[in-house]
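Everything below concerns the one structure shown next.
The values are calculated or read from the model by the stated rules, or taken from the named source; none is laboratory data. These numbers were taken from a predicted model, which means no experiment stands behind them. Counting neighbours? That spans all protein chains shown, and the Cβs are built from the backbone with ideal geometry, glycine included.
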Amino acid sequence: MKENQLKKEFKTRDVERARNIIKKDYTSKTVAGTGYKKQREKHSEGDIWEEDGKTWTIKNGIKQTTTKLDAAKKAAQVPLKCPKCSGPMNYHLSKKMYKIHGFCFDCTIDMEADLRRAGLYEKYEKTMMQGNMQAWASGLEQWVQDQVTETMTYVTEEGDVEDWKGGDTKRKNDLVQGMNEYLKHLKEHLE
Ligand SMILES: [Zn+2]
């Protein structure tokens, strides 16, 4: 670009910028046709817009994708029937438990009994008190995987079935299966 052309360009831009300032339109494009097409728009609290293939919003002054928001909304909406046992959800503790686990109070009691049998209850209680259900879900996932691996080792190396905490292998398998189903349910709920 020749020097005089550059000067002319600057001049045009300056004039446009000045015009925009007068119009109090600070975010308006002042550079036209120079290849700078992706202009970040200014957004304020509660706005919802598309950007980079995601839906964004501003909540409490923080820019975030709406998937997080949807999850919070989903967890806050309690259905009429428990998704696991189809029982009523009107009991106040069912509503409370639904927000945490995605099912009713009765289902929570059953699940907690299984956790006690599996020796996981203390870990569960501690993580839940910290409000970190994501950490709880990943810890449980690890446990399920470990149990599956352990069971397979028993069968291939020993060749016979050994007692597990005084119970039989079928009971253990049922328990692991139950925990795995709960885990699947919980992960969907936390999504
Ligand atoms: Zn239920």
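Out of E191, E122, E141, one residue alone is closer than 21 Å to K84 by Cβ, modelled with pLDDT of 85 or more and acidic (D, E). It is E141. Only one of the numbered conditions (1) among the β-branched types (V, I, T); (2) under 23 Å from the mean Cα position of the chain (by Cα); (3) modelled with pLDDT under 90 is not met by T108, and that is (3).
Do we have any residue at all in segment 145-158 that's assigned to a helix (DSSP H, G or I), of a type in the set (A, V, I, L, M, F, W, C) and either at pLDDT 70 or above or within 26 Å of H185 (Cα to Cα) (or both)? Yes, that holds for at least one residue.
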